[in-house]
Amino acid sequence: MPAWLLSTLALALLLSAAAWRAERMLQRRGRTTCWLWLAVIATSVIVPLAWLPGVLAAMPPEQAQLKLGWFVLSAGMLLLLALRSVWLLSHQLRWQKTALLGTPVFLSGGIGPCVAGLLRPRIVMPVWLSLIPPRQQALLLAHAQCRLAARDPQLLALAYALIVLMPWNLPLWWQVHRLRFAIEVDCDARMLAHGHALRDYAFILRRHGQYYSGLTGASPIVLIDPRALRRRRHLMGRFTRDQAANLL
């Protein structure tokens, strides 16, 4: 089994490197990249699992602790995700349904602006939203609507469902990190394709940019990292209107 573990890690590393290079090429052409990373995550998990039954059948008894450790890690991550979901449901009971600029939203005390939920994702806005200008409110609302249209919560949920199967595979975690960044970049391009001004949108990202997936219970590193924000701003500056329209 150790040989299978090393092979699995090597496969994930090779796929990560190939996807990273392909991502740069697709971004230059104005193409979506989130599906690329989701495909890489799925391949990194599914291909090794196809060989796992034979590996387990030939595994000597003294390596049984490897299976136990794997099970504990997967069960622990699954439990963590379940607790986060319960935490989210407990907060939903206190949300107030209202309308923002004619669009149904839920007001929360501290969560948002974001799209939360899995089976029925909904737009969640914080109560302080009423204190900012209507133009900024409209941009935040449009950003959330882009997430709903692209089914971002479902994409992330699928990625985490796959990584639960191999939580010890560190390259997989990096792939999920790149997926989350790709989701952000794709959403940026869609916002520009809808005609929103780059300057106004970049200001909103810097001032109010938050994203809560409804699954992990935390904002992603890619949004609170100033370097990632600068990278997104640089990519947005390279999108032409026609290239951004490819993502609609």
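Nothing in this text is a laboratory measurement; each read-out follows from the coordinates by a stated rule. These numbers were taken from a predicted model, which means no experiment stands behind them. Cβ placement follows ideal geometry from the backbone for every residue including glycine, while neighbour counts extend to all protein chains displayed.
Points to keep in mind about this one:
- When restricted to Cα atoms, the chain yields an Rg and a Dmax of 20.0, 66 Å, respectively.
- With both residues required to sit in the chain, DSSP beta bridges show an antiparallel share near 75%.
- Rounded to the nearest 20 debye, the dipole size of the chain about its Cα centre is 840 debye, using +1 on the Cβ of Lys and Arg and -1 on the Cβ of Asp and Glu.
- The share of Cα pairs per 10 Å bin across segment 49-158, counted from zero up to the longest distance, runs 12, 32, 22, 14, 12, 7, 1 percent.
- Over segment 81-124, volume per residue of the alpha carbon convex hull, in Å³: 73 Å³
- Considering only segment 53-142, percent of DSSP beta bridges that pair antiparallel, nearest 5: 75 percent
- Relative to the dominant Cα principal axis of the chain, helix 2-28 is inclined by about 30°.
- Among Cys187, Gly237, Leu81 - extreme Cα towards positive end, dipole of the chain, charges at beta-carbon: Gly237
- Once the chain from Leu101 to Ala39 is taken as fully extended at 0.36 nm per residue, the excess over their C-alpha distance is 18.6 nm.
- Two-decimal log10 I(q)/I(0) for segment 16-94, as the Debye equation yields it once each C-alpha is a single scatterer, q = 0.15, 0.19, 0.20 Å⁻¹: -0.86, -0.94, -0.95
- For segment 16-146, with +1 on Lys and Arg beta carbons and -1 on Asp and Glu, the positive-most of Gly112, Ser90, Val40 along the dipole: Gly112
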